[in-house]
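Colleague: The structure's right below; bear with me while I get my questions together.
The values are calculated or read from the model by the stated rules, or taken from the named source; none is laboratory data. Please read these numbers as outputs of a predicted model, since none were measured by experiment. Every residue, glycine as well, gets a Cβ built from its backbone with ideal geometry; the counts of neighbours run over all protein chains shown. Keep in mind that these areas ignore ligands, DNA and RNA; they rest on the heavy atoms of the full protein, side chains included. Shrake-Rupley method; radii C 1.70, N 1.55, O 1.52, S 1.80 Å.
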Amino acid sequence: MTNTMTLQALAQDDRLDPAKAAVEITAVNKWYGEFHVLRDINLTVRRGERIVICGPSGSGKSTMIRCINRLEQHQSGTIVVDGIELSNDLKKIDDVRREVGMVFQHFNLFPHLTILQNCMLAPIWVRKMPESEAKELAMHFLEKVRIPDQAHKFPGQLSGGQQQRVAIARSLCMKPRLMLFDEPTSALDPEMIKEVLDTMIELAEEGMTMLCVTHEMGFAQAVADRVIFMDQGQIIEQNEPKAFFSAPQSERTRTFLGQIL
Ligand code: ADP
Ligand code: MG
């Protein structure tokens with residue numbers, strides 16, 4: 001009986017419906033002053049979908065994903081995240097940011113707080129979670145990224161790969177429905193890249209909706225449902241990984257892949 005009721009409740013929560021979009025970007029344009037950085041971007045991300053975004057430096061990848069949690073503002077078109085349209089409404093921006101976790105190239109941990117405190121901060125201040133519960137949650141996710149033993153150290157005492165895994169754990173503590181990654185491994189020494197990618201692969205396998213800017217094409221082939229290639233502010237082409245890598249349609253994609261593979 002309980003099971004049936006739980007299933008009914010789940011079915012009624014349309015936010016779990018995989019057919020509904022996690023992110024819907026429609027005809028988005030953005031300028032930095034005179035510079036047209038995003039040109040007519042259209043992109044729908046389904047719930048549970050894993051998308052890898054690649055493209056040359058300066059093509060607008062970071063700007064596009066930063067628009068999704070309003071770290072940058074677009075000037076025309078619409079961006080709807082989990083049913084909430086991004087506008088200047090601060091309440092809505094807060095609502096979106098609660099649902100969206102972001103991991104950056106530079107881990108952006110607070111250097112004066114311990115690993116545990118870094119992870120507890122947002123649940124306590126944003127989610128108003130009691131401290132004991134926040135601590136339990138933080139330890140849970142630190143275990144998940146396999147560094148519970150580092151909880152009482154400071155970020156500067158950890159390797160880059162460990163710090164990036166803390167950054168992922170810290171995001172997960174907010175129970176995001178969508179994770180954005182902006183070149184999470186590009187500042188890491190080669191031997192640390194795998195431990196971060198493995199964490200991301202696990203997250204993908206658990207069904208997290210993910211948008212990842214990365215040039216780790218092995219990762220793209222392992223987990224992406226779709227690979228998107230951007231150049232000069234536009235989405236030039238997109239496809240499932242196998243077709244994307246074996247038969248790129250555009251000359252620009254071929255040139256780019258020729259440089260990185
Ligand atoms: P990518 O992540 O693909 O390397 P970005 O989105 O960071 O590209 O940047 C796209 C272009 O916009 C680059 O030419 C960059 O110099 C420019 N740009 C990025 N941020 C700003 C900013 N805050 N002000 C002005 N120009 C910017
Ligand atoms: Mg970038």
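Colleague: Please report Rg (one decimal) and Dmax (integer) in Å for the Cα set of the chain.
Modeller: 18.8, 61
Colleague: How much accessible area per residue does the chain have, counting only protein heavy atoms and a probe of 1.4 Å, in square angstrom?
Modeller: Spelled out: the 1.4 Å probe surface of the chain, per residue, equals 49 Å².
Colleague: For Lys92 and Leu113, what does the FRET efficiency come to when R0 = 25 Å and r is the distance between their Cβ atoms, rounded to the nearest 0.05?
Modeller: 0.30
Colleague: Report the gain in length on full extension from Ala187 to Phe35: 0.36 nm times residue separation, minus Cα-Cα distance, nm rounded to one decimal.
Modeller: Details: separation 152, 0.36 × 152 = 54.72 nm, distance 2.70 nm.
Full extension from Ala187 to Phe35 adds 52.0 nm.
Colleague: So for the pair Ser246, Gln157, with labels modelled 7 Å out along Cα→Cβ, what separation do we get in nm?
Modeller: For the pair Ser246/Gln157, the computed spacing is 5.0 nm.
Colleague: Consider just the alpha-carbon atoms of the range 130-261 and return their Rg together with their Dmax, both in angstrom.
Modeller: Rg and Dmax of the range 130-261, Cα atoms, are 16.9, 55 Å.
Colleague: Give the Debye-formula value of log10 I(q)/I(0) at each listed q (0.12, 0.21, 0.29 Å⁻¹), with one equal scatterer per alpha carbon of the range 87-141, two decimals each.
Modeller: Log10 of I(q)/I(0), two decimals: -0.34, -0.91, -1.17.
Colleague: For labels at Lys20 and Glu85 in the simple 7 Å Cα→Cβ model, what's the distance in nm?
Modeller: If labels sit at Lys20 and Glu85, their model points lie 1.7 nm apart.
Colleague: List the residues whose amide H sits under 5 Å from the amide H of Val23, counting only those 5 or more places along or on another chain, with H placed 1.01 Å from N in the peptide plane.
Modeller: Close amide H contacts, sequence-distant or interchain: Val45, Asp82.
Colleague: I want to check a number: in the range 21-177, how many lysine pairs have alpha carbons closer than 17 Å, given a sequence separation of 8 or more or different chains? Please list the in-between numbers first.
Modeller: Working: Lys30/Lys61; Lys91/Lys128; Lys128/Lys175; Lys135/Lys144; Lys135/Lys153; Lys135/Lys175; Lys144/Lys175.
So the count works out to 7.
Colleague: Now for a separate question. Within 10 Å, at most 12 other Cβ atoms, and a DSSP state outside H, G, I, E, B define an exposed site. Report the longest part of the chain free of exposed GluC sites (Glu not before Pro).
Modeller: On the way: sites that count: Glu34, Glu206.
Answer - 35-205.
Colleague: Let me ask something else about it. Assuming R0 = 25 Å, can you tell me the calculated FRET efficiency for the pair Ser76 and Gln232, based on Cβ-Cβ distance, to the nearest 0.05? List each step's numbers first, then the result.
Modeller: Working: r = 18 Å, r/R0 = 0.71.
The calculated FRET efficiency here is 0.90.
Colleague: Okay, moving on. Determine the distance separating the Cα centre of the range 25-47 from the Cα centre of the range 148-189; give it in Å without decimals.
Modeller: A separation of 28 Å, based on Cα centres.
Colleague: Determine the share of the range 55-98's accessible area contributed by carbon and sulfur atoms, expressed in whole percent, with a 1.4 angstrom probe. Kindly include the intermediate steps, with their values, before the conclusion.
Modeller: On the way: 910 of 2020 Å².
Summing carbon and sulfur atoms, their accessible area is 45 percent of the total for the range 55-98.
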